[in-house]
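Asks: Here it is, the structure in full.
The values are calculated or read from the model by the stated rules, or taken from the named source; none is laboratory data. On a predicted model such as this, the values are computed, not experimentally measured, just so you know. Glycine gets a Cβ as well: all are built from the backbone with ideal geometry, and neighbour counts include every protein chain shown. Quick note on the areas: whole protein, heavy atoms, side chains included, nothing else; ligands and nucleic acids left out. Shrake-Rupley method; radii C 1.70, N 1.55, O 1.52, S 1.80 Å.
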Amino acid sequence: MTEVRMPVLFVAHGAPTLVIEKTDYTAFFTTLPEQLPAPKAIVIWSAHWESDVQLAGASERFSTIYDFHGFPPEMYTLKYPAPGNEDIARNIVSRLNDVGIEARLDERHGLDHGAWCPLKLMWPDADVPIVPLSVIPNLPPENQYEIGRLLSSLREEGVLIIASGGIVHNLRKIAWDAVQPVDWAQAFDAWIAERLENWNVDAIFRYRELAPQADNAVPRGGAEHFVPLIYAMGAADEGRRAKRLFQDYQLGSLSLNVWQFD
């Protein structure tokens with residue numbers, strides 16, 4: 001056991017080129033680990049690994065998945081060969097199965113860009129064991145939150161829990177030449193931020209009907225980038241404290257934010 005309870009992070013991974021860009025956001029990522037206790041392992045949900053049941057990656061060493069097309073050639077040469085931790089992966093599956101939530105180990109899936117791009121900025125040596133977790137976008141938010149809550153005690157064991165997605169993420173609405181963020185993206189982000197800071201779980205579960213510009217920010221049928229936020233909140237249910245560490249926008253509406261939950 002560790003005497004320090006690890007925080008939970010929600011990170012927006014933006015475009016895959018995040019990992020080769022030189023911006024305020026990437027600079028923030030490179031210094032973020034200095035503000036955190038050193039993790040013995042990292043459990044990370046990624047919006048780019050969708051499934052019908054909860055999957056936990058259990059590879060001995062993960063391959064790097066290039067799940068994107070048409071990007072600079074440099075992107076396809078980058079590697080993030082992080083080790084896995086089968087004990088933690090099995091522990092996660094066991095915890096969920098014990099309460100009737102279907103979960104399985106997956107020994108074939110590598111690290112998609114929602115996982116390896118931010119991790120490569122934060123821990124470039126790929127020397128921290130990783131356990132990637134899938135997201136189940138069609139699961140009711142109450143169940144997503146519960147999965148996170150069931151894993152929260154890992155934080156007492158030196159495990160950093162990260163959820164990687166995007167609070168505002170609608171590729172059909174991006175503006176390639178935008179200099180300033182669009183109003184509707186800011187309005188949705190502000191609404192979510194207020195409910196996070198007040199830990200209004202019920203309102204966030206009902207964001208689709210309550211939040212301004214919800215269909216623009218989270219397109220119907222495309223909630224996979226939003227739901228990592230719900231998993232992260234569940235993992236922080238005991239403390240219920242939210243603090244935004246970074247906020248910016250990319251391409252007019254892609255929200256680049258990092259939240260820490262304690």
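Asks: Which number do you get for Rg(Cα) / (2.2 N^0.38 Å) in region 3-66?
Replies: On the way: Rg = 14.3 Å, N = 64, 2.2 N^0.38 = 10.7 Å.
Against the empirical 2.2 N^0.38 Å value, I get 1.34 for region 3-66.
Asks: Near Lys173, which lysines are there with a Cα under 25 Å away, not counting those fewer than 8 places off in the same chain?
Replies: Partners found: Lys22.
Asks: Rounded to the nearest whole Å², what accessible area per residue is found for region 1-58 with the 1.4 Å probe? Before the final figure, lay out the partial values.
Replies: Numbers: 2380 Å² over 58 residues.
Here the residues of region 1-58 average 41 Å² of exposed surface.
Asks: Students often check this: by mean Cβ neighbours within 10 Å, which of 190-199, 232-241 ranks highest, and how do the rest follow? If you can, show how the numbers build up before the last one.
Replies: Values: 190-199: 16.9, 232-241: 20.3.
By packing density, highest mean first, the sequence is 232-241, 190-199.
Asks: A further question on this structure: Can you pull the semi-axes for the chain, root of five times each eigenvalue of the Cα gyration tensor, sorted largest first, whole Å? Before the final figure, lay out each step's value.
Replies: Working: eigenvalues 130, 99, 61 Å².
Value: 26, 22, 17 Å, ordered largest first.
Asks: Separate question: Compute the Cα gyration tensor for region 152-262, then decide on rounded, prolate or oblate, letting a ≥ b ≥ c be the square roots of its eigenvalues: rounded whenever a/c is under 1.5, prolate when a/b is larger than b/c in the other cases, and oblate in all that remain. Please list the in-between numbers first.
Replies: Details: a/c = 2.02, a/b = 1.69, b/c = 1.19.
Prolate shape, in that a/c is at least 1.5 and a/b is the bigger ratio.
Asks: Just add up the charged neighbours of Leu9: K/R +1, D/E -1, any other residue whose Cβ is under 12 Å from the Cβ of Leu9. List each step's numbers first, then the result.
Replies: Working: positive: Arg155, Lys243, Arg244; negative: Asp262.
Result for the local shell: +2.
Asks: Going through region 49-101, which GluC sites (Glu not before Pro) have at most 14 other Cβ atoms within 10 Å and a DSSP loop state? Mind dumping the intermediate values first?
Replies: Working: sites: Glu50, Glu60, Glu74, Glu86; in loops: Glu60.
Sites meeting the loop and neighbour criteria: Glu60.
Asks: A further question follows. Skipping prolines and chain starts, which residues have an amide H placed within reach, meaning under 5 Å, of the one on Val135, given they are 5 or more residues away or on another chain?
Replies: Amide H neighbours of Val135: Ser46, Trp49, Glu50, Ser51.
Asks: Measuring with a 1.4 Å probe in the full set of protein chains, what accessible area per residue, in whole Å², belongs to region 152-258?
Replies: Working: 4570 Å² over 107 residues.
That works out to 43 Å² for each residue.
Asks: Please sort 247-254, 178-185 by packing, taking for each peptide the average over its residues of neighbouring beta carbons within 10 angstrom, highest first.
Replies: Numbers: 247-254: 19.9, 178-185: 15.4.
Averaged packing, sorted descending, gives the order 247-254, 178-185.
Asks: Given the DSSP H assignment, sum -39500 (n - 2.57) over each helix run of at least 4 residues in the chain and divide by its residue total; what's the result at 222 nm in deg cm²/dmol, nearest 500? Walk me through the intermediate numbers first.
Replies: Details: 9 runs with 78 residues, N = 262.
One gets -8500 deg cm²/dmol as the mean residue ellipticity at 222 nm.
Asks: At a 1.4 Å probe radius, carbon and sulfur cover how many percent of the accessible area of region 62-109?
Replies: On the way: 1440 of 2880 Å².
C and S atoms contribute 50 percent here.
Asks: What distance in nm lies between label points placed 7 Å from Cα along the C-beta direction at Arg90 and Leu78?
Replies: Taking the simple label geometry, Arg90 and Leu78 are separated by 3.3 nm.
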